[in-house]
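Engineer: This is the structure I want to talk about, given as structure tokens.
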Amino acid sequence: MTARFRIRQFRVETVEGPVIYNFDDDLTVLAGDTGVGKTTLFELVKFSLGGDGLIAPVATQAVSEVHITVYVGTEQFQLSRELDASRSKTLTVTDLITGEVRTEVPIEDAKNETVSDILMNALGLSTQMRAAARSGASSRKGALITFYDLFRYMYVPQAAINQQIAGSKESYYEPKRKAVFELLFGLTDADILDMQSQVNQLKGETAEAKREFDTINQFLSGSGTKARFDAELAYEGAVKEEADGIASLTRLSNEVEDVIDRETQMLREMLTTSERSLSDARDLVNSLQREQAQYTAERHQVGQDIARLTQMASAGDRLANIEFVVCPRCTQKLNQREVPPDTCRVCLQHDNVKDLTRGQYETTQLVEQAEEIELQLSVIRAQAAEAASAVADRTQLVANLTSRIEERTANRVTPRLQAYMDASAKAARAKADQKHLSEVLKQWDRANDLGLAAQELEKRRGALKTRINNANAALAQRRSMVFADLTEEFANTVADFRIPAGQSATIDPDTYLPLIDGRAFDKVSSAGGIATATQVAYWMSLIAVAVRLNDTPYPGFLLIDSPQLALSSAEGISSQMYNRFATQVAVVKGRLQFIVADNKLTKDLVNEFTELNFSYDNPTIGTIRHPGPAVKPLVAEPQTDDEA
């Protein structure tokens, strides 16, 4: 039988209090003028299940949280979601049977269980199914099928009712739309979808292996080897060449050691000693030069000090010969007072200018110091000359010893140097060749591995495609039967609705969409009414066939917004529509649930459903004051058939 999905209660928490709707009947119709909040209510229902709802601004301002009670399969849940953007990415899920409360269940999460996973599991569907594209060019494993993909077959929004079916105009979504359709009618299953996903993934892996294989082959084509065997031979040759080079180096080294005799060794020892002695002599010369420079500077300083004292004495003598008659400070006359003998006429102190420079101790000391420094400089000059002579002698000795050593070894060692250099270069070249050829061998191995991997991937892909073909062949009879039933049911429904569209009505077995006289449903008429009625007939046909098959996971639920859209004067179509809604839920009482939002209903309907009427004074969310006819609808009113 069809899977059970049923909304039992929907509660909206607003700033003025809660608004509660109970959906106990199989068919509930929300009727009222445009703009009273029916679409907003339906979008809040979608939002409460974890979907992206198109919510009116007034609702986002006045509604804080929504709660929905649903029966899914054998499970019963209450889902709660806040409208605040910062907290709307998770839901609280309460199991009404066990009482378990799970907070912060994510809507999207690659690792943890999501709201979609909970609902899919309750419907008995795998949460790992992917909708892979079936075109030969695709190498993607496909997007994950979630509950919100199924919900496109459960909710017909007003914005899409005369435009598209389950996202049919979104080309990127086609693989998912078709995969969900097949899943709901038992034309595929989780195993087939998984195999198709693997086929695409293997195609991508095979293509990647071939690309890498081609890249490596381009490298190998320039390596000078046509096969791995050639590379192995070249590598062995390089190993042998390196061994020969190393052997030659060893032999030449031994020969050089043999030609170094005892006299040459003695000359080398003498050269070492002479070089060390030369270095010491040069160090001594440098030290004496530094010392000489220091004494010379010191002698110069002492000479300056002696000159300064001499100038002072000379200046004293000159001043002493002057007989001051006026004080040099205050300019008062000095010859009008009596000055004692041996007393300075200016300061009246003892006159000691006579013989001022004689016997001055400081001058005497400086002169003696200058003489001592000159003596020391003489000694240093003699030592420096001796050290310079030693440097010259030892330099000549080092040159002679070096010349004798070179003369003795030139005829014995030099001829072997070129051979040594050749052997060394040979060994180095062979080692570099080994490194290069080692990489070439690795690439040959990698190329072989990639070739085998590509073959294995192609083999696995071929086996999977065979299994898919066999599985589809096993379902071929069912597929023919399902589409025959769908086309028959759709044609009868179109006829019952009295849609003035054409002569034939079918379901396309390739696109899974309705056709009127072979044309897409939205291309039949420029007005929206016929497209709307055709889409309603399509959904009724899908549910009717799913119920008759009684072995599909098709949820027996339909949330449909404005089925009378653009049918202002076509009351016959509207009446047939609603009679069909009522009849269909009545035939399998308790197994289906339709919730419909619409404008004013026609008077000749059989009142076998719950009707909730709304107006500007009584909007769907009654705790929020309605602005009246000036409200801006969420979805623009389409052109009616009469206007067309």
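Engineer: Do we have LEU567 as modelled with pLDDT under 85 and either buried (at least 18 other Cβ atoms within 10 Å of the Cβ) or within 16 Å of ARG498 (Cβ to Cβ) (or both) here? Reasoning before the result, please.
Structural biologist: Details: modelled with pLDDT under 85: yes; either buried (at least 18 other Cβ atoms within 10 Å of the Cβ) or within 16 Å of ARG498 (Cβ to Cβ) (or both): yes.
Judged against the criteria, LEU567 is a match.
Engineer: Okay, next question. Name every residue in region 116-129 that is over 11 Å from PHE77 (Cα atoms), out of contact with any helix residue (DSSP H, G or I) (no Cβ under 7 Å at 6 or more places or on another chain) and surrounded by 15 or more Cβ atoms within 10 Å (Cβ to Cβ), in order of residue number.
Structural biologist: As a first pass, look at region 116-129 and keep what is over 11 Å from PHE77 (Cα atoms): 116-117, 120-121, 123-129.
Then drop every residue that is not out of contact with any helix residue (DSSP H, G or I) (no Cβ under 7 Å at 6 or more places or on another chain), which leaves 117, 121, 123-125, 128.
ASP117, ASN121, LEU123, LEU125, listed by residue number.
Engineer: Moving to a separate point now. Would you check if THR94 is on the phi < 0 side of the Ramachandran plot, of a type in the set (Val, Ile, Thr), at pLDDT 95 or above and in the same structural domain as ILE20 (by the TED database)?
Structural biologist: yes
Engineer: Is it the case that region 575-591 has a residue that's in a loop (DSSP other than H, G, I, E, B), at pLDDT 85 or above, of a type outside the set (S, T, N, Q) and in contact with a helix residue (DSSP H, G or I) (Cβ under 6 Å, 6 or more places away or on another chain)?
Structural biologist: The first filter runs over region 575-591 and keeps only residues in a loop (DSSP other than H, G, I, E, B), leaving 588-591.
If we keep only those that are at pLDDT 85 or above as well, we get 588-591.
Subset that is of a type outside the set (S, T, N, Q): 588-591.
From what's left, in contact with a helix residue (DSSP H, G or I) (Cβ under 6 Å, 6 or more places away or on another chain): 588.
Taking every residue of region 575-591 in turn, at least one turns out to be in a loop (DSSP other than H, G, I, E, B), at pLDDT 85 or above, of a type outside the set (S, T, N, Q) and in contact with a helix residue (DSSP H, G or I) (Cβ under 6 Å, 6 or more places away or on another chain).
Engineer: Just to be sure I understand the filter: pairs with C-beta atoms under 6 Å, separated by 6 or more residues or on different chains, first member in region 368-394 and more than 13 Å from ARG282 (Cα to Cα), second member assigned to a helix (DSSP H, G or I) and of a type outside the set (Ser, Thr, Tyr). Which pairs pass?
Structural biologist: GLN369/VAL302; ALA370/VAL302; ILE373/GLU298; ILE373/ARG299; ILE380/LEU288; ILE380/GLU291; ILE380/GLN292
Engineer: Let me confirm something: among ASP510, ASP522, which residue is without any contact (Cβ under 8 Å) to a residue 40 or more places away in the chain and either surrounded by 24 or more Cβ atoms within 10 Å (Cβ to Cβ) or closer than 20 Å to PHE181 by Cβ (or both)?
Structural biologist: Values: ASP522 fails: without any contact (Cβ under 8 Å) to a residue 40 or more places away in the chain.
Result: ASP510 is the single residue among ASP510, ASP522 that is without any contact (Cβ under 8 Å) to a residue 40 or more places away in the chain and either surrounded by 24 or more Cβ atoms within 10 Å (Cβ to Cβ) or closer than 20 Å to PHE181 by Cβ (or both).
Engineer: Which numbered condition trips up ALA473, out of (1) surrounded by 16 or more Cβ atoms within 10 Å (Cβ to Cβ); (2) among the hydrophobic types (A, V, I, L, M, F, W, C); (3) without any contact (Cβ under 8 Å) to a residue 12 or more places away in the chain?
Structural biologist: Here ALA473 meets the rest and fails (1).
Engineer: Let me ask another. When you scan region 65-78, how many residues do you find that are touching a helix residue (DSSP H, G or I) at 6+ places or on another chain (Cβ under 6 Å) and crowded, with 18+ Cβ neighbours inside 10 Å?
Structural biologist: Quick first cut of region 65-78, residues touching a helix residue (DSSP H, G or I) at 6+ places or on another chain (Cβ under 6 Å) only: 66, 68, 72-73, 75.
If we keep only those that are crowded, with 18+ Cβ neighbours inside 10 Å too, we end up with 66, 68, 72.
Going through region 65-78 one residue at a time, the tally reaches 3.
Engineer: Is at least one residue of region 35-44 outside any strand (DSSP E or B) and of a type in the set (Ser, Thr, Tyr)? So that I can check it myself, show each step before the final result.
Structural biologist: Looking only at region 35-44, we keep the residues that are outside any strand (DSSP E or B), and these are 35-44.
After this cut, where a residue has to be of a type in the set (Ser, Thr, Tyr) as well, the list is 39-40.
Scanning region 35-44 turns up at least one residue that is outside any strand (DSSP E or B) and of a type in the set (Ser, Thr, Tyr).
Engineer: Give ALA463, ALA453 a once-over and let me know the one that is among the hydrophobic types (A, V, I, L, M, F, W, C), surrounded by fewer than 16 Cβ atoms within 10 Å (Cβ to Cβ) and farther than 25 Å from GLU170 by Cβ. Working first, answer last.
Structural biologist: Numbers: ALA453 fails: surrounded by fewer than 16 Cβ atoms within 10 Å (Cβ to Cβ).
After ruling out the rest, the residue left standing is ALA463.
The values are calculated or read from the model by the stated rules, or taken from the named source; none is laboratory data. On a predicted model such as this, the values are computed, not experimentally measured, just so you know. Glycine also receives a Cβ, built like all others from the backbone with ideal geometry; neighbour counts cover every protein chain displayed.
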